[in-house]
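The values are calculated or read from the model by the stated rules, or taken from the named source; none is laboratory data. Please read all numbers here as calculations on a predicted model, not as lab measurements. Heads up, the Cβs are rebuilt from the backbone with ideal geometry, glycines too, and the neighbour counts pull from every protein chain shown. Areas reflect the complete protein model, heavy atoms only, side chains present, ligands, DNA and RNA absent. Shrake-Rupley method; radii C 1.70, N 1.55, O 1.52, S 1.80 Å.
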Amino acid sequence: MKNEIRVRMAPSPTGFFHVGSARTALYNWLFARHHKGKFILRVEDTDVARSSEKMIDVILDGLTWLGMNWDEGPYFQSKRLDIYQKYVQQLLDNDLAYYCYCDPEDLEKEKQAAYKSKEDWQYDRRCLKLSPAERAEKEKKKIPKVVRFFIPNQSVSFHDLIHHEIRREAKDIEDLIILRSNGVPTYNLACVVDDYEMGISHVIRAVDHITNTPKQILLFEALGLPKPEYAHLPLILGHDKSKLSKRHGAVSLMSYKEQGYLPGAMVNYLSLLGWSPGDDREMMNTQEIIESFDLNRINPANAVFDETKLEWMNGQYIYGMSNEMLLQQLWPFMIEYGLVKEQDNEKKKSWLLRVCQLVKLRLKTLTDINDVARYFFVEDYEYEEDGLNKHFNAATIRIVEDFLPKLEDIEEYIALSIEESVRNHAETNKLKARQIIHPLRLFITGRQGGPGLFETMVLIGKERCLSRTRRLINDFKKQQEEKTN
RNA sequence: GGCCCCAUCGUCUAGUGGUUAGGACAUCACUCUUUCAAGGUGGAGACACGGGUUCGAGUCCCGUUGGGGCCA
């Protein structure tokens with residue numbers, strides 16, 4: 001118990017789950033699983049005016065999607081106010097904290113004025129210097145008061161597992177507010193109390209919290225509590241190298257799910273953003289990542305989020321899946337795009353699996369199914385402009401039209417016989433096979449590229465191939481007639 | 001402005017005093033192919049700068065510059 005590894009994810013419920021938070025959560029979780037420790041969920045909702053169930057569900061859904069199970073919680077700070085107040089009282093009793101009656105708006109004005117004239121500003125402890133009479137006066141007037149933590153005059157240093165020795169002078173830290181006038185604790189106090197109460201052994205969080213750590217260490221010391229170990233993770237940046245935020249586009253974890261990314265690929269990619277196993281491995285399943293994971297191997301430099309590489313990796317995962325798995329993952333998207341109906345799952349199962357096999361190499365995300373394979377399912381696929389320019393002309397139409405009877409005559413409609421028929425026809429008519437293949441592909445699929453044409457034609461079926469081709473030929477003829485008239 | 005963190009190809013990274021500085025994505029060329037992909041082969045591409053320490057520095061120290069974060 002004493003040496004048990006216990007880490008936490010402590011999200012503030014903002015209504016969405018940032019990929020940066022997901023990465024932080026992931027590293028905590030990997031660390032816990034690697035050391036057979038506990039991963040605890042704690043919702044830091046004291047700051048939030050109203051944190052709804054829904055906001056928390058976003059977090060839970062995200063963790064679940066990525067396969068990160070938690071061992072305890074979620075605990076809610078908003079339900080633990082009395083605990084924090086108890087600790088604040090302890091500090092007050094020991095003269096390690098004091099009441100402050102200053103009007104926050106006044107202080108804010110002073111601060112802004114100081115910044116404007118490029119001066120540093122810190123709270124000057126004026127309420128600490130209040131005489132008993134002055135204090136009594138303010139109490140009598142019922143002026144709202146907060147509790148400030150008295151920063152002792154010393155330097156603070158701590159050992160960060162990623163950044164090594166970090167030192168900060170106490171004079172650079174101001175007496176921070178730890179309890180608001182409404183009795184709600186501030187971030188630093190609640191965090192310290194909870195990290196202790198929940199037995200957190202390692203605080204693994206992003207580096208933008210590193211300036212909070214000395215304050216928290218001072219709080220641990222003032223409260224006489226044991227300190228956890230600290231590891232401050234590098235930030236995830238957008239392409240302009242500033243902290244990844246909404247203005248960079250998709251930063252919510254669930255938007256990646258909606259865009260058709262697989263949780264395994266997401267975990268794999270995120271794990272490599274700031275960490276590496278030390279060898280050249282990149283494609284790793286979650287189990288392998290857990291086994292290799294080590295805080296010592298985290299790169300302290302910030303990392304740019306590279307969606308292109310994530311996309312590539314996702315494609316690798318899709319290609320590596322069994323057709324059954326792929327179909328299952330694809331299903332909700334195919335329903336959404338109107339490619340299939342619920343009952344097709346049973347009726348057309350084996351056909352669907354064959355389509356999966358044929359297109360899986362071309363899918364980078366699950367949503368690609370609509371672009372890459374729409375023509376297998378429905379008739380409203382589009383024709384590539386460039387392709388029509390090439391093949392929608394008298395000479396080509398003629399070639400295809402000549403070939404159609406041969407296609408019709410094929411008895412055993414399998415790839416081999418279609419190919420044989422095309423090649424024979426080409427030979428007897430002194431054509432290159434591609435002169436038939438290319439327009440045929442365009443007419444049947446609307447595209448110039450794709451899986452092998454003959455296999456594709458088998459899956460689309462003879463009748464549909466014929467009718468699609470005839471439709472194009474008729475369209476062309478109609479167009480010619482209109483021109484001559 | 002103050003304080004803090006960071007610095008290897010465009011991007012993610014390997015590298016812990018002696019390496020032709022390795023890999024991956026992206027990019028380019030070739031190859032395979034009915035096409036598009038994927039694959040295969042190859043190319044181009046980095047130690048921010050300046051001082052030290054050392055026989056020897058991407059690697060250790062200091063400074064500069066640049067980027068980022070927090071205070072907001």
- Task: Give me the Kirkwood hydrodynamic radius of segment A:69-175, using the inverse of the mean 1/r over all pairs of distinct Cα atoms, in Å to one decimal.
- Result: 17.1
- Using the alpha carbon gyration tensor of segment A:32-125, what are the three equivalent-ellipsoid semi-axes (square root of 5 times each eigenvalue), largest first, in whole Å? 37, 20, 15
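When Lys and Arg each count +1 and Asp and Glu each count -1, what net charge do the other residues less than 14 Å away from A:GLU342, Cβ to Cβ, add up to?
+1
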- Query: How many percent of the accessible area of segment A:187-237 is carbon or sulfur, using a 1.4 Å probe?
  - Reply: 50
- Item | Volume per residue that the Cα convex hull of segment A:286-333 spans, once the total is divided by residue count, Å³ | 120
- At q = 0.07, 0.14 Å⁻¹, what is the log10 ratio I(q)/I(0) for chain A, with the Debye formula run over Cα points and no solvent? -0.57, -1.32
- Item | FRET efficiency for A:ASP57 and A:ARG354, using Cβ-Cβ distance with R0 set to 25 Å, rounded to 0.05 | 0.10
- Name the residues whose placed amide hydrogens come within less than 5 Å of the amide hydrogen of A:PHE76, ignoring near sequence neighbours (fewer than 5 apart) on the same chain. A:VAL43
- Task: Go through chain A and flag any cysteine with no other cysteine's C-beta closer than 4.7 Å, please.
- Result: A:CYS102, A:CYS191, A:CYS356, A:CYS465
- Note on the structure: Length gained if A:ASP380 through A:LYS86 is fully extended, taking 0.36 nm per residue and subtracting the Cα-Cα distance, is 99.1 nm
- Item | A:TYR413 versus A:MET325: modelled label distance in nm, points set 7 Å from Cα along the beta carbon direction | 3.3
- Projected onto their principal axes, the Cα atoms of segment A:321-368 stretch, largest extent first, over whole-Å spans of 26, 21, 14
- Message: As a quick test, which of the pairs A:LYS309/A:LYS341; A:LYS243/A:LYS364; A:LYS129/A:LYS215 have an alpha carbon distance above 31 angstrom in this structure?
- Response: A:LYS309/A:LYS341
- Over all alpha-carbon pairs of segment A:232-370, lay out the pair-distance distribution in 10 Å bins, whole %, shortest bin first. 11, 35, 30, 17, 6, 0
- Item | C-alpha long axis of helix A:307-320 to longest principal axis of chain A, angle in ° | 60
- Task: Would you please classify the overall shape of segment A:69-115 from the alpha carbon gyration tensor, given that a ≥ b ≥ c denote the square roots of the eigenvalues, rounded means a/c under 1.5, and beyond that prolate means a/b larger than b/c while oblate covers the rest?
- Result: oblate
- Task: At 7 Å along the Cα-to-beta-carbon direction for both A:GLN122 and A:GLU482, put a label point, then send me their distance in nm to one decimal.
- Result: 8.0
- Message: Just to be sure I understand the curve: with the Debye formula and one point per C-alpha of segment A:350-389, what is log10 I(q)/I(0) at q = 0.15, 0.20, 0.25, 0.31 Å⁻¹?
- Response: -0.41, -0.67, -0.91, -1.08
- Task: Quick one: pull the percent of accessible area on segment A:385-484 belonging to carbon and sulfur, 1.4 Å probe, ligands and nucleic acids left out.
- Result: 47
- Query: Rounded to the nearest 5, what % of the DSSP beta bridges within chain A are antiparallel ones?
  - Reply: 50
- With a probe of 1.4 Å, find how much accessible area chain A has per residue, and write the answer as a whole number in Å². 51
- Message: Please list, in order along segment A:413-424, the HN-Hα scalar couplings obtained from phi with the Karplus expression 6.51 cos²θ - 1.76 cosθ + 1.60 (θ = phi - 60°), rounded to whole Hz, x for Gly and Pro.
- Response: 7, 10, 3, 4, 6, 5, 4, 4, 5, 4, 5, 4
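Calculated FRET efficiency, A:LYS109 and A:ALA250, Cβ-Cβ r, R0 41 Å, to nearest 0.05?
Result of the calculation: an efficiency of 0.55.
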